[in-house]
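Scroll down for the structure; my scribbles are underneath it.
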Amino acid sequence: MRKIRIIGGVQTLYVDVGHARYPIDIGPGLLGDRELLAARVAGRDLLVVSDVTVAPLYLQRLHLALAGRRIGDCVLADGEQHKTLQAAALVFDALVRQKLNRDATVVALGGGVVGDIAGFAAACYQRGISCVQVPTTLLAQVDSSVGGKTGVNHPGGKNLIGAFHQPAAVIADTDTLATLPDRELRAGLAEVIKYGCVADAELFAWLEHNVHSILARDPGALCHAIARSCEIKAAVVGRDEREANVRAILNFGHSFGHAIEAATAYQRHLHGEAVAIGMLIATDLSVRLGMIEPSVLSRVRSLLVKAGLPTEAPRIGADAARALMRMDKKVAAGRLRLVLLESIGAAAVGGDYADAPFEKVLAEYFG
């Protein structure tokens, strides 16, 4: 049974990890909804963290809806290459400069990079203060804003420095997707496809027939994709907050994708684009290991192409790819744990796979 409540066009579901329970609100016009924001954003003192792309579009609107609070702003550079400790330090500086205490709230207004940096700063500042995620990209609305993973990159690998820090609320205003560049929209769609691959065959089949509606920004299609993705992630996170077991399936395509991002200095591919390539490689490896039929690979490739996502990996070299993957957080006892498909809608995580097929896909995709 679905657990989404719909009131006045706003869809609401909850993430429950035992020690924390928080709402995800999805719908149009939420950035200007004073009543909703009053209910979701606690405290008198706020720091809004945004970036140079999103702030000119939505920062003033958020300020007006939060009128009556003491609000400071921290506007960061845009792009994955700026998700660094230096960027987190700018947020710390702003918190200290505004003399904020433990009853303050950080509001993350932007995409996944802003959400990760702001959430990480909130997790660390005075040993943890409240954070509300206000994602403005499809990727952030369906994935990175939900579940409490926060962090920054290191030259040695992606997201190596971070903390689990669940938000107090997630407010996904679907109107913000109107200003999202087409490339960013497609990148976010990669994460929706991921959910279909690992957890919901019906969602995958729905995407095969409705991907063009999402790319055309049909409001109904977008809301369905966002709500179902959040529903899947909420269920998985509720069972395994800190990725001890089942949550790892949500990293499908990410080990390969993170290697692609790091090897190209986060300049060539958006995160969702790198994940799309990674999902294709992981699906191909699943075929070679005899876990799925080749027809599954054809369906995944076809959907990625329909979504306008890349399917060719950069020729960074098999050795470089392997070395970067071994810096991944999913390495245990020196063995890379991979997320592989058992079917459309079901995935398995583990390090018990034959080395020869793994080495072959590295050679064929990365050169």
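What follows draws every value from the coordinates through simple rules; no lab data is involved. Since this is a predicted model, take the numbers as computed values, not measurements. Cβ: placed from backbone, ideal geometry, glycine included. Neighbour counts: every protein chain shown.
Once fully extended, how much extra length lies between Ala42 and Ala323, figured as 0.36 nm per residue of separation less the alpha-carbon to alpha-carbon distance?
Length difference between fully extended and current span is 96.8 nm.
Need one number: nm distance between label points at Thr179 and Ala363, each 7 Å from Cα along Cα→Cβ, rounded to one decimal.
For the pair Thr179/Ala363, the computed spacing is 5.0 nm.
Pairs to check: Lys83/Lys158; Lys83/Lys233; Lys194/Lys306; Lys3/Lys233; Lys149/Lys306. Give those whose C-alpha atoms are more than 19 Å from each other in this structure. If you can, show how the numbers build up before the last one.
Details: Lys83/Lys158 9 Å; Lys83/Lys233 23 Å; Lys194/Lys306 14 Å; Lys3/Lys233 13 Å; Lys149/Lys306 30 Å.
Cα-Cα > 19 Å for Lys83/Lys233; Lys149/Lys306; rest within.
Counting each DSSP H run of 4 or more residues in the chain as -39500 (n - 2.57), what helix-only mean residue ellipticity at 222 nm follows after dividing by all residues, to the nearest 500 deg cm²/dmol?
Numbers: 12 runs with 159 residues, N = 367.
When only DSSP H runs of four or more count, the value is -14000 deg cm²/dmol.
Let me make sure I get this right: for region 9-102, a, b and c are the square roots of the gyration tensor eigenvalues over alpha carbons, sorted descending. Under 1.5 in a/c it's rounded, otherwise prolate if a/b > b/c, else oblate. Which is it?
Rounded, since a/c falls under 1.5.
With contacts defined as alpha carbon pairs under 8 Å and 6 or more residues apart, what's the relative contact order of the chain in percent?
15 percent
Would you mind ranking Ile161, Ile292 so that the residue whose beta carbon has the fewest other beta carbons within 10 Å leads the list? Before the final figure, lay out each step's value.
On the way: Ile161 15, Ile292 20.
With the fewest neighbours first, Ile161, Ile292 line up as Ile161, Ile292.
Find the all-direction average of the projected area of the Cα convex hull for the chain, expressing the result in square nanometres with one decimal place. Walk me through the numbers before you get to the answer.
Working: hull surface 66.2 nm².
The directionally averaged projection comes out at 16.6 nm².
What FRET efficiency comes out for Arg5 versus Arg70 if R0 is 41 angstrom and r is the Cβ-Cβ distance? Round to the nearest 0.05.
0.80
Report the FRET efficiency, 1/(1 + (r/R0)^6), for Arg242 and Lys306, where r is their Cβ-Cβ distance and R0 is 45 Å, rounded to 0.05.
0.80
From a point 7 Å beyond the Cα of Phe92 in the direction of its Cβ, which residues of region 22-52 have a backbone N at a distance under 19 Å?
Residues 47-50 qualify, since their backbone N sits under 19 Å from the label point.
How much net charge surrounds Ala321 when only other residues with a Cβ under 13 Å from its Cβ are counted (Lys, Arg +1; Asp, Glu -1)?
In short, -1.
Determine the percent antiparallel among the DSSP beta bridges restricted to the chain, to the nearest 5.
50 percent
When the gyration tensor of region 182-366 is built from Cα positions, what are the square roots of 5 times its three eigenvalues, in whole Å, from largest to smallest?
Three semi-axes, in Å: 25, 18, 16.
How do Cys223, Cys197, Cys131 rank when sorted from fewest to most other Cβ atoms within 10 Å of their own Cβ?
Result, fewest neighbours first: Cys223, Cys131, Cys197.
Using label points projected 7 Å from each Cα along Cα→Cβ, tell me how many nm separate Ala201 and His19, to one decimal.
For Ala201 paired with His19, the spin-label model returns 3.8 nm.
By count of other Cβ within 10 Å, fewest leading, how are Ile71, Ile249 ordered?
The fewest-first ordering by Cβ neighbours comes to Ile71, Ile249.
I need the calculated FRET efficiency for the pair Asp352 and Phe164, taking r as the beta carbon distance and R₀ as 30 Å, to the nearest 0.05.
Once the sixth-power term is evaluated, E becomes 0.65.
If packing is taken as the average count of other Cβ atoms within 10 Å, what order do 266-279, 198-211, 351-364 fall into, highest mean first? Present the calculation step by step, with values, prior to reporting the outcome.
Values: 266-279: 24.3, 198-211: 18.1, 351-364: 14.1.
Highest mean packing first, the order is 266-279, 198-211, 351-364.
Given axes a ≥ b ≥ c from the Cα gyration tensor, I'd like to know whether region 5-179 is rounded (a/c under 1.5), prolate (a/b larger than b/c) or oblate.
Cα axes put region 5-179 in the rounded bin.
As an exercise, identify the trypsin sites (Lys or Arg not before Pro) in region 1-107 lying in DSSP coil whose Cβ has no more than 13 other Cβ atoms within 10 Å. Let's see the in-between values first.
Numbers: sites: Arg2, Lys3, Arg5, Arg21, Arg34, Arg40, Arg44, Arg61, Arg69, Arg70, Lys83, Arg97, Lys99, Arg102; in loops: Arg2, Lys3, Arg44, Arg69, Lys83, Lys99, Arg102.
Here the sparse-neighbourhood loop sites are Arg2, Lys3, Arg44, Lys99, Arg102.
If I take all pairs of Cα atoms in region 86-139, what percentage of them are more than 16 Å from each other? Kindly include the intermediate steps, with their values, before the conclusion.
Working: 487 of 1431 pairs.
Beyond 16 Å sits 34 percent of the P(r) for region 86-139.
Rounded if a/c is under 1.5, else prolate if a/b is larger than b/c, else oblate: which is region 127-280, with a ≥ b ≥ c the root eigenvalues of its Cα gyration tensor?
Verdict is rounded for region 127-280.
DSSP beta bridges in region 5-179, what fraction antiparallel, as a percent rounded to 5?
Around 40 percent antiparallel, to the nearest 5.
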